[in-house]
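What follows is one structure encoded as C-alpha cells, with my remarks underneath.
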Amino acid sequence: MFRLTYMADFTDENPSCVHRWSYTVEKDETSIVLPDGCLDILVVSCVETGKDMLCATHWDFSPRPVALRAGLTLTGYRLRPGTMVDLPELNAEVGNVSNLETMINDAASPDQEITQIIEALGLPESSVDGLARQQGVSERSLQRHFKSLSLPPPVFWRQLGRARRAVQALPCRVPLSDIALDYGYSDQAHMTREFVRWFGLTPAQLRQSPDVMKYLAEPGLGNWS
C-alpha cells in the first residue's frame with residue numbers, strides 16, 4: 001500500500017471529481033490545448049446534424065493544436081487529476097446527456113492515495129525519489145504503481161505540477177528569478193525551458209498573454225480547488 005506519511009498544502013475543499021465547462025465555436029479555428037494533468041469527457045454537439053458525440057481526451061505531454069469547425073458546441077467534464085472513468089461502460093448507458101455529470105461522478109474512480117501523491121509531487125520541495133522513500137518504497141516501485149493504474153509516470157506529475165503551480169505566480173509581478181527559486185527550479189533559465197515545454201511560451205510571454213493565463217487558471221493539476 002502507498003500511504004502518504006506527510007502532506008503539506010493539500011486540502012479537499014472541493015470533493016467533486018468533475019469540473020464542467022463549455023465552449024461554442026463561432027468560426028473555424030485552431031485552438032491550442034495545454035497539458036493540465038486531467039482527462040476530459042467531451043460531448044461534441046453539431047448544429048448541422050443535431051447529434052451529440054461522446055468521446056474522451058488523452059493525457060497531454062505538450063501543447064496540442066486542435067482544429068475546430070464553426071457550429072460545434074463542446075461540453076467538457078474534466079476529471080480531477082488522477083481520476084479515471086470507464087468510457088465504454090458510460091457510453092453504453094448514455095441515452096441523452098442531461099444527467100451526464102451525475103453519471104460521470106458515479107462512474108469515476110478516484111483514488112485518494114494516488115490523488116494525494118500526485119498533489120505532493122507538484123510541491124516545490126518535492127522529488128520523485130524523496131516521495132518514494134517517504135512511502136517506504138523504491139522509485140521503481142512507485143513508477144510501477146502509477147503504470148498499473150494506467151497513469152503517466154511520477155516524473156510527469158512532478159514536472160507538470162510544479163510548472164502549473166509556478167505559472168500561477170506570474171501575475172504577482174515579482175522577479176522571474178524569485179519565482180524560479182520559490183518553486184524549486186535551479187535557475188530562471190531552467191524554469192523558462194520547462195514553461196516552453198509545457199505551455200509553448202516563456203514566462204515573459206505568458207505575462208503578456210492574458211487569455212492563456214486565464215486558461216491556465218482553470219481547474220487542473222496544481223489548482224483543482
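Values for this structure:
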| item | result |
| --- | --- |
| Ranked packing of 118-126, 38-46, most packed first, by mean Cβ within 10 Å | 118-126, 38-46 |
| Size of electric dipole in the chain: Cβ of Lys, Arg +1 and of Asp, Glu -1, about Cα centre, debye, nearest 20 | 600 debye |
| Protection proxy ranking of 64-73, 142-151 - average other beta-carbon atoms within 10 Å, highest first | 142-151, 64-73 |
| Spin-label model distance (nm) - residue 23 vs residue 147, 7 Å beyond Cα toward Cβ | 3.3 nm |
| Mean Cα-pair separation over length for the chain, i.e. relative contact order, pairs under 8 Å, 6 or more apart, % | 22 percent |
| Order by protection proxy (mean Cβ within 10 Å, highest first), peptides 156-162, 103-109 | 156-162, 103-109 |
| Accessible surface of the chain [probe 1.4 Å, protein heavy atoms]: carbon and sulfur percent | 51 percent |
| Among 35, 171, 81, residue whose mean-square fluctuation peaks in a GNM of the chain (springs only between Cα atoms under 10 Å) | 171 |
| Heavy-atom surface of the chain, accessible at 1.4 Å and reported per residue (Å²) | 52 Å² |
| Distance from segment 114-128 to segment 180-225 (C-alpha centre basis), Å | 17 Å |
| Among 29, 139, 101, residue whose mean-square fluctuation peaks in a GNM of the chain (springs only between Cα atoms under 10 Å) | 29 |
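The values are calculated or read from the model by the stated rules, or taken from the named source; none is laboratory data. Worth saying up front: this structure is predicted, and the values here are computed from it rather than measured. Because the Cβ atoms are built from the backbone with ideal geometry, glycine has one as well, and the counts that use them run over all protein chains shown. Just so you know, the surface numbers come from the protein's heavy atoms only, side chains and all, with ligands and any DNA or RNA stripped out. Shrake-Rupley method; radii C 1.70, N 1.55, O 1.52, S 1.80 Å.
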